[in-house]
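Since every read-out is calculated from the coordinates, none of them should be taken as a lab result. As the structure is a computational prediction, the values presented were derived from the model and not from experiment. Every residue, glycine as well, gets a Cβ built from its backbone with ideal geometry; the counts of neighbours run over all protein chains shown.
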């Protein structure tokens, strides 16, 4: 399964095409809309979220509630387009007074205009905006629908915002999902959740922004997804590339990641046990469900770090593209903190990687055949 998105932050709509989708997968727009709403939520979001109410329109590839084996195309309309028709027009002469020439540190603005020979950072920032991730969440909803039919659930939660972190020791794959969704910052620890809100309030008062970390987990995975024989087959590499492709993500780890570099091998690896009727099991999951580039049957656990959003209400120093004189960087309407939203986007990216791994392992034409192949595999390895 592969996706391509198109659209700008203040353009008419965001669109996506997902190819390689097998036939027979139940897909409901309301399930995708639920994830789109989760992406828009979170304490610390900006004014754009009061304008948009994201809903998906399924344009192709789904008939009477199920995929038919052809590419699935989706659209999410930008309501804010109505306020930007003059600035984002697809035709006619371009007014000089709408150019943006003050690149923001930490954004794609400057590198993008140097790359494309543009004299207007809006040519870059509109596409580099994290608004594009709404389309990713939409296609990720199709991947989640396939995984549900295979007994796999993908979820996420926020572990830290700024200097405030959850207490250590929780099993990421055993976190209370209801507590996560009830929290305004998608953190399952109530006391930490309130402290995170205070951290966001303080940053907003100072004209600042905040980053943080989040976990994404997947349960119900069979062992052996991915591969060890070639670098391009390794599932950890694919997951890292997918999650790191999300705007503002600067760090990624599988399982206990960097902590494993600090301890001895006897503490770092997960012993192998065997239980009759259950097969091979592990008493721990330091590896985060991945060994040698493949799933090992334990829950998948990955963590990512998001930097603070680069748009600041108290802008950093920049240089005007026309005059080359010092100026304050531009200010776009933005969030104070979008870590809870980024976690939902990462769910979509992880789901897409896992769905593709299942299709490579068990076939890619029809859901009924994929399930039968999966069941035959599980029967073979069960003892």
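When the chain is fully extended, how far beyond the present Cα-Cα distance does residue 269 get from residue 97, taking 0.36 nm per residue of separation? Before the final figure, lay out the partial values.
Details: separation 172, 0.36 × 172 = 61.92 nm, distance 6.02 nm.
Stretched out fully, the residue 269 to residue 97 stretch lengthens by 55.9 nm.
Rounded to two decimals, what is Rg over Rh for region 11-83 when you use alpha-carbon atoms and the Kirkwood radius? Intermediate results must be reported in sequence, preceding the final value.
Numbers: Rg = 14.0 Å, Rh = 13.4 Å.
Taking Rh as the inverse mean 1/r over Cα pairs, Rg/Rh reads 1.04.
Could you estimate the translational diffusion coefficient of region 193-319 from the Stokes-Einstein equation, with Rh from the Kirkwood formula over C-alpha pairs, at 37 °C and 0.692 mPa s, in whole µm²/s?
Numbers: Rh = 17.2 Å.
Once the numbers are plugged in, D ends up at 191 µm²/s.
Show me 220-230, 204-214 ranked by packing, highest mean number of other Cβ atoms within 10 Å first. Before the final figure, lay out each step's value.
Numbers: 220-230: 16.8, 204-214: 19.5.
So the order, starting with the most tightly packed, is 204-214, 220-230.
Tell me the relative contact order for region 1-126 as a rounded percent, counting alpha carbon contacts under 8 Å between residues six or more apart.
Numbers: 185 pairs, mean separation 32.5, N = 126.
With pairs under 8 Å counted, the relative contact order is 26 percent.
Mind checking the angle between helix 339-362 and the chain's longest principal axis? C-alpha axes, 0 to 90 degrees, to the nearest 10.
For helix 339-362, the angle is close to 40 degrees.
Place a label point 7 angstrom from the Cα of residue 228 along the Cα-to-Cβ direction, then list the residues of region 343-383 whose backbone nitrogen is under 20 Å away.
Under 20 Å, as judged by backbone N against the label point of residue 228, lie 357-358, 360-362, 377-378, 380-383 of region 343-383.
Going by a ≥ b ≥ c, the root eigenvalues of the Cα gyration tensor, does region 1-140 fall in the rounded group (a/c under 1.5), the prolate group (a/b larger than b/c) or the oblate group?
On the way: a/c = 2.16, a/b = 1.82, b/c = 1.19.
Note, shape of region 1-140 comes out prolate.
Provide the packing ranking of 66-76, 92-102, i.e. peptides ordered by the mean count of other C-beta atoms within 10 Å per residue, highest first. If you can, show how the numbers build up before the last one.
On the way: 66-76: 19.4, 92-102: 11.9.
Final packing ranking: 66-76, 92-102.
Sorted by packing (mean other beta-carbon atoms within 10 Å per residue), highest first, where do 368-376, 282-290 land? Working shown, then result.
Working: 368-376: 14.6, 282-290: 19.2.
The peptides rank, most packed first, as 282-290, 368-376.
Pick from 348, 143, 317: which is most flexible by mean-square fluctuation in a GNM of the chain where alpha carbon atoms under 10 Å apart are linked?
Largest GNM mean-square fluctuation: 317.
Expressed as a whole number of Å, what is the distance separating the alpha-carbon centroids of region 316-380 and region 182-206?
Using only Cα atoms to place each centre, the spacing works out to 24 Å.
What is the log10 of I(q)/I(0) for region 274-361, computed with the Debye formula using one identical point scatterer on each Cα and no solvent, at q = 0.17, 0.22 Å⁻¹?
Normalising to I(0) and taking log10 leaves -0.88, -1.14.
Go ahead and collect, in residue order, the members of region 213-234 whose backbone nitrogen is under 18 Å from a label point 7 Å along the Cα-Cβ direction of residue 372.
none
With bins 20 Å wide starting at 0, give me the P(r) of the chain over every alpha carbon pair, in whole percents.
Going out from 0 Å in 20 Å bins, the chain shows 27, 55, 17, 1 percent.
Kindly provide the Kirkwood hydrodynamic radius of region 121-262 in Å, to one decimal, from all pairs of distinct alpha carbon atoms. Walk me through the numbers on the way to the answer.
Details: mean 1/r = 0.0570 Å⁻¹.
Its Kirkwood hydrodynamic radius stands at 17.5 Å.
Specify the inter-centroid distance of region 243-279 and region 98-117, based on alpha-carbon positions, in whole Å.
38
Taking only Cα atoms, what is the 0 to 90° angle, nearest 10, from helix 235-244's long axis to the longest principal axis of the chain?
20
If contacts are Cα pairs under 8 angstrom and at least 6 residues apart, what is the relative contact order of the chain in percent? Walk me through the numbers on the way to the answer.
On the way: 785 pairs, mean separation 87.1, N = 383.
Over the chain, the number comes to 23 percent.
Run the quick spin-label model on residue 81 and residue 60: label points 7 Å from Cα toward the beta carbon, then report their separation in nm to one decimal.
Between residue 81 and residue 60, the simple spin-label model gives 1.8 nm.
What is the angle, in °, between the Cα long axis of helix 190-205 and the longest principal axis of the Cα atoms in the chain? Nearest 10 is fine, range 0 to 90.
Relative to the chain, helix 190-205 is tipped by roughly 20 degrees.
Once R0 is set to 45 Å, what does the formula 1/(1 + (r/R0)^6) return for the Cβ-Cβ distance between residue 245 and residue 276, expressed as a FRET efficiency to the nearest 0.05? Walk me through the numbers before you get to the answer.
Numbers: r = 43 Å, r/R0 = 0.95.
The computed FRET efficiency comes out at 0.60.
Cα gyration tensor of region 50-206, axes a ≥ b ≥ c as square roots of the eigenvalues: rounded (a/c below 1.5), prolate (a/b > b/c) or oblate?
Details: a/c = 2.40, a/b = 1.23, b/c = 1.95.
Cα axes put region 50-206 in the oblate bin.
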